[in-house]
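Reading through the structure tokens given below for one structure.
The values are calculated or read from the model by the stated rules, or taken from the named source; none is laboratory data. Note that the coordinates shown come from a computational prediction; the quantities given were computed from them, not determined experimentally. Don't worry about glycine lacking a Cβ; one is built from the backbone with ideal geometry, like all the others, and counts go over all protein chains shown. Each accessible area value is taken on the protein alone, full model and side chains, heavy atoms only, with ligands, DNA and RNA left out. Shrake-Rupley method; radii C 1.70, N 1.55, O 1.52, S 1.80 Å.
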Amino acid sequence: MRLHVTFLIFLGWIALSASSAAAAQWELLRVSLIFLCIGLHELGHSLVAQQLGVSVSSITLLPIGGVAALRRLPENSWHEIAITVAGPLVNALIAAVLLPIAGWPSVADLVTIPHNAGSLVRALAGTNIVLVLFNLIPAFPMDGGRLFRAVLGLLVSYQRATRVAAIVGQGLAIVFILVGWHYEAWVLLLIGAFIFFGADGEDKLVRARCLLGDAKVGDLMRRQFATLAPTDTVERGLQLVYQTGQDAFPVIEAGQLLGIVARPDLLDAVNKLGPLVPVSEVMDGRFLVVQPHDRVALVQDEILGTGWGSVPVIEDGRLVGLLLPDNISRFQLVRAGLKTARRPGVVGRSPTPPPVIGAVPPIAVPPLPAAPPPPSAPV
């Protein structure tokens, strides 16, 4: 769990705007505890997601709430329902624990700065109730919108459900923005903008993902590619960048994949260490490995969630290809240009892959042609 820098700025603004030091202390304590509850809310999402096989890359707290970044979208609507409901249930549980201690909160407890422990606990209980109700508003991609999308996904396609949820979410976002503008409530303005652009972004992401269908890695991967030995210099790697068009190279020794070295790493090494540094000193020994029969849609989720670039494809212990982001995006462009009626046929008739060679040698790079001789002087 991490704090966004804007959250720290928000705390500083609260401290400076308070009428007294005591008021600042109580308000900072209340806000910190509220965001602790929001963090537990996101942790509830994350724990259920991990139990269902969906990994979480990060949890970030912002001044307008928290965000749990899932590495891939849950494909099962029931899984998404469970993941979505987990967050508000955490807030409901916190409220259920606090209410018997301090009693039912009043409106004044929610809008005024607490002055003792009792008013602080009532404010926390009331805030958690508000969080439950607010998160259930069907404004996609908020929890209520995701729940709406998941339930709708039980009846229609996932893409269609996302599109409808996004339209509803953007409509509610406009309402938030108008209300926030009328009452000068900047929080509602920020939340409305977040919902509007978040709904549009996730709708585009799901549409692009659906274009992949059931395509397999073996259908899209690059089968001809250059490799580097660990003793090759970074200068040699940069030569291959502009001679082959690759931006990342597997580093292989005795048929074993040791790592991946990318163009930014090569450039950084040349600028800082010189051109004769071996690539073994700058390669990344951590890399995502996939197999030809893996679904590209799931691999793309991992690429987007982790930031991996070129992904090695291994079959029977041998490196047989590279899956590049360009391969995926070009496939999506082709699918997007096909008529809808023809798309299922394209996926069903995947092209027959060429035969795979036993070992993948580096691509031969021809030497540059010699410069032509200067023209002779006229006699």
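Couplings for the range 224-236, taken from phi via the Karplus curve 6.51 cos²θ - 1.76 cosθ + 1.60 with θ = phi - 60°, read 10, 7, 8, 10, 10, 8, x, 8, 5, 7, 5, 4, 5 Hz in order; Gly and Pro are left as x. Shown for the range 31-113: the carbon plus sulfur share of the solvent-accessible area, taken with all protein chains present and a 1.4 angstrom probe, equals 70%.
Remark: the range 194-199, residue by residue, has Karplus-estimated 3J(HN,Hα) of 4, 5, 4, 6, x, 5 Hz, where x stands for each Gly or Pro and the curve is 6.51 cos²θ - 1.76 cosθ + 1.60 at θ = phi - 60°. Amide H contacts under 5 Å for Asp294: Val217, Gly218, restricted to partners 5 or more places along the chain or on a different chain, H placed in the peptide plane at 1.01 Å from N. Amide hydrogen proximity for Gly259: with H placed 1.01 Å from N in the peptide plane, the residues at 5 or more positions away or on another chain lying under 5 Å are Val251. When +1 charges are put on Lys and Arg Cβ atoms and -1 charges on Asp and Glu Cβ atoms, the dipole computed for the range 120-240 relative to its Cα centre reaches about 320 debye.
Please report the spacing between the Cα centers of the range 207-247 and the range 273-290 in Å, no decimals. Centre-to-centre distance over Cα atoms comes out at 15 Å. Shown for the range 177-278: the carbon plus sulfur share of the solvent-accessible area, taken with all protein chains present and a 1.4 angstrom probe, equals 59%.
With both residues required to sit in the range 176-330, DSSP beta bridges show an antiparallel share near 90%.
Ranked by accessible surface with a 1.4 Å probe, highest first, in what order do Ser157, Ser19 come? Mind showing how you got there, number by number?
Values: Ser157 70, Ser19 110 Å².
From most exposed to least exposed: Ser19, Ser157.
3J(HN,Hα) along the range 105-120, derived from phi through the Karplus expression 6.51 cos²θ - 1.76 cosθ + 1.60 where θ = phi - 60°, amounts to x, 9, 4, 4, 5, 7, 9, 10, 6, x, 10, 7, 5, x, 5, 5 Hz, with x in place of Gly and Pro. Rolling a 1.4 Å probe across all protein chains gives Val97 an accessible area of roughly 80 Å².
For the range 152-236, the relative contact order is 26 percent, taking Cα pairs closer than 8 Å that sit 6 or more residues apart in sequence and dividing their mean separation by the residue count. A 1.4 Å probe, protein heavy atoms only, puts the accessible area of Ser106 near 50 Å². Please tell me the relative contact order of the range 224-311 in percent, rounded to the nearest whole number, where contacts are Cα pairs under 8 Å and at least six residues apart. With pairs under 8 Å counted, the relative contact order is 28 percent.
The figure for His182 is an accessible area of roughly 130 square angstrom, using a 1.4 Å probe on the protein chains alone.
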